[in-house]
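Notes to accompany the following structure.
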Amino acid sequence: MARMMPTYCPAGAPPGEKALYEALAVAPETDGWIVLHSLALANHVRQVEGEADFVVIVPNEGVLVVEVKSHKSVGLLDDGRWKLGRDAPTSRGPFQQAREAMYSILDFLQRQRVNLARVPVLHAVWFTHIRARGMLPRTPEWHSWQVLDSGDLSDGAAAAVLRTLKAGRVHLAEKNAHFRRADSGPDKLTAERIAAQLRPRFEMQVGSADLRQARKSQLVTFIEEQYRALDAMADNQAVLFTGPAGSGKTLLAVEAAQREQAQGRTGRLLCFNRLLGRRLSDDLRDATGITSGTFHQEMIRIARIQPPENPGRAFWERELPDLAIEALLERGARRRRSTSSLSMSFRTSRGAVPRRARLDGRRRT
C-alpha cells in the first residue's frame, strides 16, 4: 500500500478528497508509492499562496499533481467561466488550478536542485462525484487523459493514475527526447528525495509553561523509529511502548492525541505523574475533545468526590480506585435498569418485542 503523508485524512477534508485518500491508501497496487495530501504552496506561480490536493509519486512512472473536485454538477458557461456546483462562476477552472500547482512544485524542486530531467511531472483533475470523462467536451485547453472521474474511483484509483501517467509520458515523449527512454521516471531514491523536499519530516510542538519562558517553541525532529511508532498507533487499537526517561514516549503520546483530535475523535490522555499531568493539560489545552491529566484526577471525576485533606497512600492506591469502580458499576446498573424499563414500556404500550440498543465503544487515545 502507498505511504500516505500525512498518515490520516483530516475530518474536515472535502468528501472527494476523503474518498480518493482512502482509495489510494488501501489499494495493494500502490505499494511503494508516496502520496502527499493537501500540499500547501507558499510560493505559488500565480497567486500569493495555493495548494495541491494530491501529489502522487510513483517510482519508475512519474509524478501526478491532482486537483480534486467533489461537486455533483459541472458546467462551462458561454463566456468561458466554470460553474462548479453551487459555487459562483469562476474564470480560473480546475485544469488551470492543477497546472499552476504543478508548475509551482516544479519551480520549487528545481530551486532545491532535484534532478527532474527524466522525471515526468504531470497534472490532472479528478471529478470524484460525476462521470466527467463522458461529459466534458474535447477542447485544446486540456487533454482527455487529464480527466478522471467517479468511474475511475470505483473501478480502481491506482489503475487510473497509472493510465494517466502512461498517456502523459507518451505526450511528453513527442516533445522531449528524454522521455523516450525506457528508464524515464523517478527511481526509488529520487522519489524519496522529491517527497522529502516537498514534505520534510518535522513537527512543531509548543512546550510547557516553564519551557516557553526559555524559548517560544520547540522544533522536534522525529527519527524513523518514532515515525514507525506513530504509524503503529494509527493502525492498532492498543499499543504498548517502553523506554527510559527522555526516549520520547510523552512526545509520541501528545502527537498521537493531536492526530486523533484532527480526525474528529475524542478521548483521554492520562498519566500517573502530577507534574507530567500538568504538562499534558497545558500542551493539549486547545485540543477540543481530548481530556488530559492524571489517572487519579480521572478517578476523582468518575467517583464524583472531593479528596480528603492530606490524603494518604491508602486513599490513592485502594480507596479511590474502589470508589471509581463502584461508580462505574452503579452507572452500568442504572443503564441496564433504564434499558429494561424502556423495553417494558414498548411491550406494554405497543405489544412489540423489546428493542435493544447496541453501544459501540469509542476509540480511546
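Just give me the residues in region 233-242 being without any contact (Cβ under 8 Å) to a residue 60 or more places away in the chain and either open to solvent by less than 30 Å² (accessible area, probe 1.4 Å) or not in a loop (DSSP other than H, G, I, E, B) (or both), in sequence order.
Once the filter is applied, which keeps residues that are without any contact (Cβ under 8 Å) to a residue 60 or more places away in the chain and either open to solvent by less than 30 Å² (accessible area, probe 1.4 Å) or not in a loop (DSSP other than H, G, I, E, B) (or both), region 233-242 yields Met233, Asp235.
Looking at Leu77, is it within 30 Å of Phe179 (Cα to Cα) and either in contact (Cβ under 8 Å) with a residue 60 or more places away in the chain or surrounded by fewer than 22 Cβ atoms within 10 Å (Cβ to Cβ) (or both)?
Working: within 30 Å of Phe179 (Cα to Cα): no; either in contact (Cβ under 8 Å) with a residue 60 or more places away in the chain or surrounded by fewer than 22 Cβ atoms within 10 Å (Cβ to Cβ) (or both): yes.
In short, no.
Residues are listed down the side, and each one gets a yes or a no for (1) without any contact (Cβ under 8 Å) to a residue 60 or more places away in the chain; (2) under 12 Å from the mean Cα position of the chain (by Cα); (3) closer than 26 Å to Leu189 by Cβ; (4) outside any helix (DSSP H, G or I):
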{"residue": "Met1", "(1), (2), (3), (4)": "yes, no, yes, yes"}
{"residue": "Met4", "(1), (2), (3), (4)": "yes, yes, yes, yes"}
{"residue": "Cys9", "(1), (2), (3), (4)": "no, yes, no, yes"}
{"residue": "Gly16", "(1), (2), (3), (4)": "no, no, no, no"}
{"residue": "Ala25", "(1), (2), (3), (4)": "yes, yes, yes, no"}
{"residue": "Glu29", "(1), (2), (3), (4)": "no, no, yes, no"}
{"residue": "Gly32", "(1), (2), (3), (4)": "no, no, yes, yes"}
{"residue": "Ser38", "(1), (2), (3), (4)": "yes, yes, yes, yes"}
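Mind checking which residues of region 171-198 are touching a residue at least 60 places away in the same chain (Cβ under 8 Å) and open to solvent by 40 Å² or more (accessible area, probe 1.4 Å)?
In the first step, residues of region 171-198 are kept if they are touching a residue at least 60 places away in the same chain (Cβ under 8 Å); the result is 178-179, 181, 183-188, 190-195, 197-198.
Matches in region 171-198: His178, Arg181, Asp183, Asp187, Lys188, Glu192, Arg193, Gln197.
Here is a yes/no grid of residues against (1) hydrophobic (A, V, I, L, M, F, W, C); (2) out of contact with any strand residue (DSSP E or B) (no Cβ under 6 Å at 6 or more places or on another chain); (3) open to solvent by less than 30 Å² (accessible area, probe 1.4 Å):
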{"site": "Asp231", "(1), (2), (3)": "no, yes, no"}
{"site": "Ala256", "(1), (2), (3)": "yes, yes, yes"}
{"site": "Leu276", "(1), (2), (3)": "yes, yes, no"}
{"site": "Arg285", "(1), (2), (3)": "no, yes, no"}
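Can you go through Arg92, Arg169 and tell me which one is of a type in the set (Lys, Arg) and in a loop (DSSP other than H, G, I, E, B)?
Arg92
Return the residue satisfying two criteria in turn: it lies in region 116-129 and is modelled with pLDDT under 95 and of a type in the set (A, V, I, L, M), and of such residues it is most open to solvent (accessible area, probe 1.4 Å).
Here the residue is Ala117.
With Arg113, Arg86, Arg99 as the choices, which residue is open to solvent by 60 Å² or more (accessible area, probe 1.4 Å), closer than 21 Å to Ala40 by Cβ and outside any strand (DSSP E or B)? First the steps, then the outcome.
On the way: Arg113 fails: closer than 21 Å to Ala40 by Cβ; Arg86 fails: closer than 21 Å to Ala40 by Cβ.
Of the residues listed, the single one that is open to solvent by 60 Å² or more (accessible area, probe 1.4 Å), closer than 21 Å to Ala40 by Cβ and outside any strand (DSSP E or B) is Arg99.
Under 7 Å between Cβ atoms, at least 6 apart or on separate chains: pull out the pairs that start in region 129-158 with a residue that is among the aliphatic types (A, V, I, L, M) and end on any residue that is part of a loop (DSSP other than H, G, I, E, B).
Correct list of pairs: Ile130/Lys72; Ile130/Asp149; Ala132/Asp149; Val147/Leu136; Leu153/Thr128; Ala157/Ala27; Ala158/Ala27.
Which one is nearest to the chain's Cα centre (by Cα), of the residues in region 255-279 that are assigned to a helix (DSSP H, G or I), within 19 Å of His296 (Cα to Cα) and not small (Gly, Ala, Ser)?
Arg279
For residues that are outside any loop (DSSP other than H, G, I, E, B) and acidic (Asp, Glu), scanning just region 183-207, find the one that is modelled with the lowest pLDDT.
Filtering region 183-207 for residues outside any loop (DSSP other than H, G, I, E, B) gives 188-198, 203-205.
Next, from what is left, pick out any that are acidic (Asp, Glu): 192, 203.
Details: Glu192: 94, Glu203: 50.
The selected residue is Glu203.
Please determine whether any residue of region 216-225 is open to solvent by 30 Å² or more (accessible area, probe 1.4 Å) and at pLDDT 70 or above. Before you say what the answer is, go through the steps one by one.
Initially, region 216-225 is screened for residues open to solvent by 30 Å² or more (accessible area, probe 1.4 Å), giving 216-219, 221, 223-225.
With the extra rule that they be at pLDDT 70 or above, the set shrinks to 225.
Looking for residues that are open to solvent by 30 Å² or more (accessible area, probe 1.4 Å) and at pLDDT 70 or above, one finds at least one in region 216-225, hence yes.
What pairs come out if I take residues in region 294-307 that are among the small types (Gly, Ala, Ser) and pair them with residues that are crowded, with 16+ Cβ neighbours inside 10 Å and part of a helix (DSSP H, G or I) whose C-beta lies under 8 Å away, six or more apart or interchain?
Filtered contacts from region 294-307: Ala303/Leu320; Ala303/Leu323; Ala303/Ala324; Ala303/Ala327.
Take region 54-67 and flag every residue that is within 17 Å of Val125 (Cβ to Cβ) and either part of a loop (DSSP other than H, G, I, E, B) or open to solvent by 10 Å² or more (accessible area, probe 1.4 Å) (or both).
From region 54-67, those within 17 Å of Val125 (Cβ to Cβ) are 54-56, 62-67; that's our starting set.
Within region 54-67, just Glu67 meets the criteria.
The values are calculated or read from the model by the stated rules, or taken from the named source; none is laboratory data. None of the values given here were measured: they were computed from a predicted structure. Please note: Cβ atoms are built from the backbone with ideal geometry, for glycine as well, and neighbour counts cover all protein chains shown. These accessible areas exclude ligands, DNA and RNA; they are computed on the full protein's heavy atoms, side chains included. Shrake-Rupley method; radii C 1.70, N 1.55, O 1.52, S 1.80 Å.
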